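Peer 1: I'd like to ask you about the structure that follows.
The values are calculated or read from the model by the stated rules, or taken from the named source; none is laboratory data. This is a predicted model, so every value here is computed, not measured. Here the Cβ positions follow ideal geometry from the backbone for every residue, glycine too, while neighbour counts run over all protein chains shown.
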Amino acid sequence: MAHLPDFEAWAIFAKVAERGSFSAAATDLALSKATVSKAISRLEQRLATPLFHRSSRKLSLTESGVMAQERAGRILADGEAIEEAISERGSEPRGLVRLAAPMSFGIAHLRPLLPLFCSTYPHISIDLHLSDARVDLIEQGFDIALRIGSLEDSALKARRLFPVRLPLLGAPALFDRLGRPSHPRDLEQYPALTYSHVRQPGRWHFHHTEHGDLSVEVSGPIRSNNGDVMLDALIAGTGICPLPDFLAWQALADGRLEEVLRDWAPRSNALHLVTPPTALRPARVRVLIDFLAAAFLKPPWSTTG
């Protein structure tokens, strides 16, 4: 290449792509709108292709813009991280960290931790997004996400925090009335509480160390996309369902719930902390990662059952 890449213009492009607006990007970068527009024009002239579709109502990425967005985002993130890492030496971390987490886990286990983190790092603010829908860290601008289950985004960096068991649970009174199942096929006779935020809510999958995998069809009175709803219905004896141990551990410990078919448990998962692929992270992100890893080093539910 005859000339150095236009790193400044690529960083500006990344911010425009993230914000979807020249004006919003200019505000974030403390630049004039004209400066932002000229930077994008420089790139488009150099590449001989447009990076944005422009209209009076909407700004959207072209195919070339989509191809460039992730790598340009890394340029911006790496540059910010380098400056912050140097400027933060000898000073307290500061700034905003955007964190995404599953709804029920966040309410039960992040909610009590955040005040402690904020008192320890008073110059850091947290933007917490709770949803069981999987977010796109790069496109939506998140610094950290907590994810349960398989990790499909291979480009993301992942740190395993702890295993997640999915014991099959019900109220003791329900099992006293209907009997305790001895095989997954018996579950057709039980009212099932099904989680709707999966591909097949009415099909449960089990694994046995000797007999392998087995799937069964189930049905019942409640289908929900929220684990807290399922927990209350389980305790009330409305039905049975697999539920993560981090939600059910207290009800298991005090006898309000009972685990059945332990040899045929659904496959265990894990909770991972995932971050964008950039090798450099601002200090505010690093300290939150370390804080969460320490907080969940020995979760109380890991010794239940």
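Peer 1: Which residues, counting only those in the range 199-253, are touching a Lys or Arg at 6+ places or on another chain (Cβ under 9 Å), among the acidic types (Asp, Glu) and farther than 20 Å from Arg267 by Cβ?
Peer 2: none
Peer 1: Quick check on my filter: what residues within the range 249-303 are aromatic (Phe, Trp, Tyr), assigned to a helix (DSSP H, G or I) and in contact with a strand residue (DSSP E or B) (Cβ under 6 Å, 6 or more places away or on another chain)?
Peer 2: Within the range 249-303, the subset aromatic (Phe, Trp, Tyr) is 249, 264, 291, 296, 301.
Filter once more, keeping what is assigned to a helix (DSSP H, G or I): 249, 264, 291, 301.
Within the range 249-303, Trp264 is the sole residue that qualifies.
Peer 1: Hey, can you tell me all the residues within the range 188-234 that are without any contact (Cβ under 8 Å) to a residue 12 or more places away in the chain, within 18 Å of Ala108 (Cβ to Cβ) and hydrophobic (A, V, I, L, M, F, W, C)?
Peer 2: Scanning the range 188-234 gives a single hit, Val229.
Peer 1: Next question, about the same structure. Going through the range 188-210 one residue at a time, which ones are in a loop (DSSP other than H, G, I, E, B) and surrounded by 15 or more Cβ atoms within 10 Å (Cβ to Cβ)? Walk me through it before giving the result.
Peer 2: First, pick out the residues of the range 188-210 that are in a loop (DSSP other than H, G, I, E, B): 190-191, 196-202, 209-210.
Once the filter is applied, which keeps residues that are in a loop (DSSP other than H, G, I, E, B) and surrounded by 15 or more Cβ atoms within 10 Å (Cβ to Cβ), the range 188-210 yields Tyr190, Pro191, His197, Pro201.
Peer 1: Could you grab me the full set of residues in the range 104-141 that are modelled with pLDDT under 90 and surrounded by 14 or more Cβ atoms within 10 Å (Cβ to Cβ)?
Peer 2: Asp132, Arg134, Val135, Leu137, Ile138, Gly141
Peer 1: Would you mind finding the one in Leu273, Leu243 that is out of contact with any Ser or Thr (no Cβ under 9 Å at 6 or more places or on another chain) and either at pLDDT below 90 or closer than 26 Å to Leu137 by Cβ (or both)?
Peer 2: Leu273
Peer 1: Tally the residues that are out of contact with any Pro (no Cβ under 6 Å at 6 or more places or on another chain) and of a type in the set (A, V, I, L, M, F, W, C), restricting the search to the range 157-172.
Peer 2: 4
Peer 1: In the range 20-65, which residues are assigned to a helix (DSSP H, G or I) and touching a strand residue (DSSP E or B) at 6+ places or on another chain (Cβ under 9 Å)?
Peer 2: If the condition is that a residue be assigned to a helix (DSSP H, G or I) and touching a strand residue (DSSP E or B) at 6+ places or on another chain (Cβ under 9 Å), then Phe22, Ile40, Glu44, Gly65 are the ones that fit.
Peer 1: Okay, next question. Does the range 143-151 include one or more residues that are within 30 Å of Glu259 (Cα to Cα), surrounded by fewer than 14 Cβ atoms within 10 Å (Cβ to Cβ), hydroxyl-bearing (Ser, Thr, Tyr) and modelled with pLDDT under 90?
Peer 2: Yes, the range 143-151 contains a residue that is within 30 Å of Glu259 (Cα to Cα), surrounded by fewer than 14 Cβ atoms within 10 Å (Cβ to Cβ), hydroxyl-bearing (Ser, Thr, Tyr) and modelled with pLDDT under 90.
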